[in-house]
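J.: One structure follows; several queries about it will come next.
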Amino acid sequence: EVQLQASGGGLVQAGGSLRLSCAASGFTIDDYDIGWFRQAPGKEREGVSCISVRDGSTRYYLDSVKARFTISSDNAKNTVYLQMNSLKPEDTAVYYCATTHSNGCYYLRDFGVWGQGTQVTVSS
């Protein structure tokens, strides 16, 4: 079956770091672009970052996470990562990963397979 599993969330103090993982099964991620999204309570889901796995190119970073977050992929592990540094309380959210077609980043409507989210909580 085609699945994504997000993991790596947790509780961290402001200024700390976390690395989220998005492990794919049932398909190989090099055929897709993969996006990270987040949703805080009472807020709309927003795109955080997106990568073209085929060539490793970053398609998108949310303005508020630029210079702090880095998206990457490891095809041997069939996994996409989100390295999050200098975390802020406003980064607190459930983080999700999802697939889209090659060059399919930027539009929520283009994402198909979604993983279960992982909770990131950043304390002051």
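J.: In segment 10-21, how many are open to solvent by 30 Å² or more (accessible area, probe 1.4 Å) and either among the hydroxyl-bearing types (Ser, Thr, Tyr) or within 11 Å of the chain's Cα centre (by Cα) (or both)?
T.: 2
J.: Just for segment 39-79: of the residues that are outside any strand (DSSP E or B), touching a residue at least 24 places away in the same chain (Cβ under 8 Å) and under 18 Å from Thr92 (Cα atoms), which one is most open to solvent (accessible area, probe 1.4 Å)?
T.: Step by step, filter segment 39-79, then rank; the result is Lys43.
J.: Please tell me if Ala24 is open to solvent by less than 50 Å² (accessible area, probe 1.4 Å) and in contact (Cβ under 8 Å) with a residue 60 or more places away in the chain.
T.: Yes: the conditions hold for Ala24.
J.: Pull up segment 27-38, narrow it to residues that are touching a Lys or Arg at 6+ places or on another chain (Cβ under 8 Å) and surrounded by fewer than 19 Cβ atoms within 10 Å (Cβ to Cβ), then point me to the one that is modelled with the highest pLDDT.
T.: Asp30
J.: Right, here's the next one. Looking at (1) free of Cβ contacts under 8 Å to residues at least 60 places away in the same chain; (2) under 13 Å from Trp36 (Cβ atoms); (3) out of contact with any helix residue (DSSP H, G or I) (no Cβ under 9 Å at 6 or more places or on another chain), which is the one condition that is false for Asp91?
T.: Here Asp91 meets the rest and fails (3).
J.: Something else: Read through the list (1) farther than 23 Å from Glu44 by Cβ; (2) small (Gly, Ala, Ser); (3) part of a loop (DSSP other than H, G, I, E, B), then give the number of the only condition that Gly104 fails.
T.: Failed condition: (1).
J.: Quick one: would you say Ser86 is part of a strand (DSSP E or B), among the small types (Gly, Ala, Ser) and in contact with a Gly (Cβ under 7 Å, 6 or more places away or on another chain)?
T.: no
J.: Residues in segment 12-26 that are among the hydroxyl-bearing types (Ser, Thr, Tyr) and in a strand (DSSP E or B): how many? Quick ask: steps written out before the conclusion?
T.: In the first step, residues of segment 12-26 are kept if they are among the hydroxyl-bearing types (Ser, Thr, Tyr); the result is 17, 21, 25.
Those left that are additionally in a strand (DSSP E or B): 21, 25.
Final tally of qualifying residues: 2.
J.: Are any residues in segment 99-117 out of contact with any helix residue (DSSP H, G or I) (no Cβ under 9 Å at 6 or more places or on another chain), open to solvent by 10 Å² or more (accessible area, probe 1.4 Å) and more than 17 Å from Ser25 (Cα to Cα), and if so, which ones?
T.: Asn103, Tyr106, Tyr107, Leu108, Arg109, Asp110 - these are the residues of segment 99-117 that are out of contact with any helix residue (DSSP H, G or I) (no Cβ under 9 Å at 6 or more places or on another chain), open to solvent by 10 Å² or more (accessible area, probe 1.4 Å) and more than 17 Å from Ser25 (Cα to Cα).
J.: Can you tell me which residue within segment 80-98, out of those that are open to solvent by less than 10 Å² (accessible area, probe 1.4 Å) and of a type outside the set (A, V, I, L, M), is nearest to Val12 (Cα to Cα)?
T.: Asp91
The values are calculated or read from the model by the stated rules, or taken from the named source; none is laboratory data. Model, not experiment: these values are computed from the prediction. Cβ coordinates were reconstructed from backbone atoms using ideal geometry, including for glycine residues, and neighbour counts include every protein chain displayed. Note: accessible area is taken over every heavy atom of the protein model, side chains too, but ligands, DNA and RNA are not part of it. Shrake-Rupley method; radii C 1.70, N 1.55, O 1.52, S 1.80 Å.
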